[in-house]
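Please read the structure below before turning to the comments.
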Amino acid sequence: MTIGLDHYLLLSAVLFALGFLGVLLRKNTLVIYMCLELMLIASTVALVAFSHFNGTFDGNVFVFFILTIAAAEVAVGLAIIVALFRQRHTVQVEELNQLKH
Amino acid sequence: MHSIPEHALLALLLPLASATVIALFLRRRGAIAAGISVGAAALVAFISIILLVHGERFSTSVEWLRLGDFTVSLGFKYDDLAALMLLVVGGVGFLIHVFSLGYMHDDKARARFFAGLSIFMFSMIGIVLADNLFMVFVFWELVGFSSWLLINHYHEKQSAADASKKAFIVNRVGDFGFLLGIIMCYWANGTVNLDELSRLGAANQLALGAAIPLLLFCGAAGKSAQMPLQVWLPDAMEGPTPVSALIHAATMVAAGIYLLCRVHMLMVFEALQVIMWVGTITALYAALCAVVQRDIKKVLAYSTLSQLGYMVAAFGLGAGWVSEGVGGGPVDMFHLAPDPAGIGAAMFHLTTHAFFKALLFLAAGSVIIGCHHEQDIFKMGGLRRKMPVTFLTFTIGVLAITGVPFLAGFYSKDAILYLAMKNDTTVFAILTFTAVLTSFYMFRVWKLVFFGPARGEAAGHAHESGWTMTLPLVLLAALSVAGGWPGVFGRLAGSVAHLVPEAAGPAHATILVTSLVVLVLGGGGALLYYRTTENDTLEERAPFVFGGLVRLRASFDQLYDYYVAKIQQRFAMLLNFLEQIFLAGLIIRGLAGVVGLLGYGARALYSGSVHAYVYWFLLGAVLLWAYATGHL
């Protein structure tokens, strides 16, 4: 069996769905954060596959940018989570509900 | 040497300057304020005499305001009519200022009082000199304001505060008609300049109709307190007596007559008929009311009303005069210019009335001061010996108003009666009867105040007033004697004097006999009938007549009270109710409620739960995707 574009895209879709469900359903901020990263990775898988099967470098270039931005985002996001934990002594989302009305 | 228009401008602005200086710097310096105000009045009187003697008559005008095609200008029209009126205002005004020096000597708010007199002089001179109706209206409102200010001088007294408000509001009713009249005149003729209106009138190009003159007459009726707007004048006696003399007897209330004479070119037959009857009925009604008054100033106030009615009637009587002069053939009633005889008689009586009524009021003020602010004539008596100067001058005033031959009132009243006799027998009969009543109530006051025993403690200790009060009395008495002599009035009034109708031949004899009979009947009746006791003889002997007259006097106030309390107030409550329900309730509160509800709903979305936000985000993303791909 040869592995074609469809398989890569299927993998990407599954990863994205896992990430998305994780964001929706998990309660721990760190886990939600990792799920967000999973969704980003899913999209990069699709882009790399497109790049490979099209024979162009466009997708790969995109992936570099996405990884760079994801690294910056992780730095900021984790810092926020650490600061939040210091302040509130919890990272459970249902307890982080001060931002309302 | 300045030119003549600058003199007129100076006469207008001096009192304003005086009022401004007093209001800004001298509010606590009563003596200096009084000096400045009297000085300004003296200069105005001086200028008015110079202008009169100089003989030059002019019209001048500058543009004040331009709004598109519509311009408002300020200007002077100084003709013989204005010269006469300026002299009356300046001369009588000055004498009353001097009298006030004595009368208001111990008043706490002397500075405010004199500032008020000055602002009044400014406003009144503005009316006299104005060359167009808009300017007249501006100063018309200003005299209303100064009248309000001065009636309200004793503002801590509730009755004075009420009276000033009443005067202002009643005048506003009349002024509304006046303003409509001015606007309508502008709309119909394209100008409100008096000279241009005269020119159009001479060329028969005026848009004539009864509406414009009648609306303008509304303003005159308010200021001159004609029926049915007469209710404010008797109440206005709450002000200090010099104010009553200056504003509510000699000058401001005469402004209505003056206005009518200024706009005579707009008059038509029907309007003049209305004016004539309003004047006649006012004259009769006020004379009847005066008979039952106990307050010396109220008697004089009703007397003023009655005499103003005479003047208005005299003006209205100009109408029939012309139709007689045309002689035979159908007369085009719509295009009859009013005969100037009405103007002559009205202005003649206005002038003599200003002299003798100011005299009577000031003498009454002297009596009031002498009796320590007692105003009830039944508590006075026997003042003849204690206040000889006041007695003599008051007597001259009484003789002048009742028309004793060779005094001022004799000539002017006879001119009006003659005019009435020629034109309208009914009016003549009513005015003659009014003259009987005038003699009756004037001699009643005269006898009760100066004769018999002193009936009140205050009257027992009465004393003559100082020279600042008696000197104006003497001067005004001289004017009340001589003001009607043809030689004197001819000097003062110039061409206006030629308009005064003069009876000749048998008519002359009829009028002379009539006025003498009237005088003897009314005056003798009062002297014989009234006893100098503490009670009103009429009330004791004929309570039915007395009660009837009292009810007649009160009827208008009761009617207006009923109207305001029962009709207008209820209508206002109904409007308020509707406003509360619809405007405030449905529209304002309703809109706020809808917005509030929306906000309440939107607030519920903002729950603080991150998962809820993600679901909303998902929904948004799906909708966006659907829209972008054309599924939506």
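Quick notes on this one:
- Scan segment B:456-481 for residues that are in a helix (DSSP H, G or I) and within 25 Å of B:VAL88 (Cα to Cα) and the total you get is 15.
- Residue among B:THR434, B:THR426, B:THR393, B:THR438 that alone is assigned to a helix (DSSP H, G or I) and either closer than 16 Å to B:GLY365 by Cα or modelled with pLDDT under 85 (or both): B:THR393
- Selection count where residues are surrounded by fewer than 10 Cβ atoms within 10 Å (Cβ to Cβ) and at pLDDT 90 or above, scope segment B:600-632: 2
A quick yes/no check of all residues on (1) hydroxyl-bearing (Ser, Thr, Tyr); (2) in a helix (DSSP H, G or I); (3) at pLDDT below 85; (4) surrounded by 24 or more Cβ atoms within 10 Å (Cβ to Cβ):
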residue	(1), (2), (3), (4)
B:HIS105	no, no, yes, no
B:GLY116	no, yes, no, yes
B:ILE125	no, yes, no, yes
B:GLY177	no, yes, no, no
B:GLY181	no, yes, no, yes
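- Filter pass, B:ALA8 being buried (at least 20 other Cβ atoms within 10 Å of the Cβ) and either closer than 25 Å to B:ALA493 by Cβ or touching a helix residue (DSSP H, G or I) at 6+ places or on another chain (Cβ under 6 Å) (or both): yes
- Check on A:GLY22, within 14 Å of chain B (Cβ to nearest Cβ), part of a helix (DSSP H, G or I), touching a helix residue (DSSP H, G or I) at 6+ places or on another chain (Cβ under 6 Å) and free of Cβ contacts under 8 Å to residues at least 60 places away in the same chain: yes
- The set of residues in segment B:272-292 being farther than 30 Å from B:ASN152 by Cβ and crowded, with 24+ Cβ neighbours inside 10 Å consists of B:LEU272, B:ILE275, B:MET276, B:THR280.
- Residue match in segment B:157-171 (condition: out of contact with any helix residue (DSSP H, G or I) (no Cβ under 7 Å at 6 or more places or on another chain), surrounded by fewer than 16 Cβ atoms within 10 Å (Cβ to Cβ) and under 25 Å from B:THR71 (Cα atoms)): no
- Meets criteria (more than 18 Å from the chain's Cα centre (by Cα), surrounded by 11 or more Cβ atoms within 10 Å (Cβ to Cβ) and either away from chain B (no Cβ under 14 Å) or closer than 24 Å to A:LEU18 by Cβ (or both)) for A:VAL74: no
- Against the numbered list (1) within 30 Å of B:ALA602 (Cα to Cα); (2) more than 13 Å from every other protein chain (Cβ to nearest Cβ); (3) surrounded by 12 or more Cβ atoms within 10 Å (Cβ to Cβ), A:ILE32 comes up short only at (2).
- Taking residues in segment B:86-106 that are closer than 14 Å to B:PHE356 by Cα, and partners anywhere that are surrounded by fewer than 23 Cβ atoms within 10 Å (Cβ to Cβ), the pairs with Cβ atoms closer than 6 Å and at least 6 places apart or on different chains are B:GLY91/B:ALA45; B:LEU95/B:LEU475.
- Condition check for B:GLU141: surrounded by fewer than 19 Cβ atoms within 10 Å (Cβ to Cβ) and within 15 Å of the chain's Cα centre (by Cα): yes
- Within the option set B:PHE577, B:PHE582, B:PHE617, being assigned to a helix (DSSP H, G or I) and within 14 Å of chain A (Cβ to nearest Cβ) holds for one residue only, B:PHE617.
- Scanning segment A:77-101 for residues that are within 14 Å of chain B (Cβ to nearest Cβ) and more than 18 Å from A:LYS27 (Cα to Cα) turns up A:LYS100, A:HIS101.
The values are calculated or read from the model by the stated rules, or taken from the named source; none is laboratory data. Model, not experiment: these values are computed from the prediction. Heads up, the Cβs are rebuilt from the backbone with ideal geometry, glycines too, and the neighbour counts pull from every protein chain shown.
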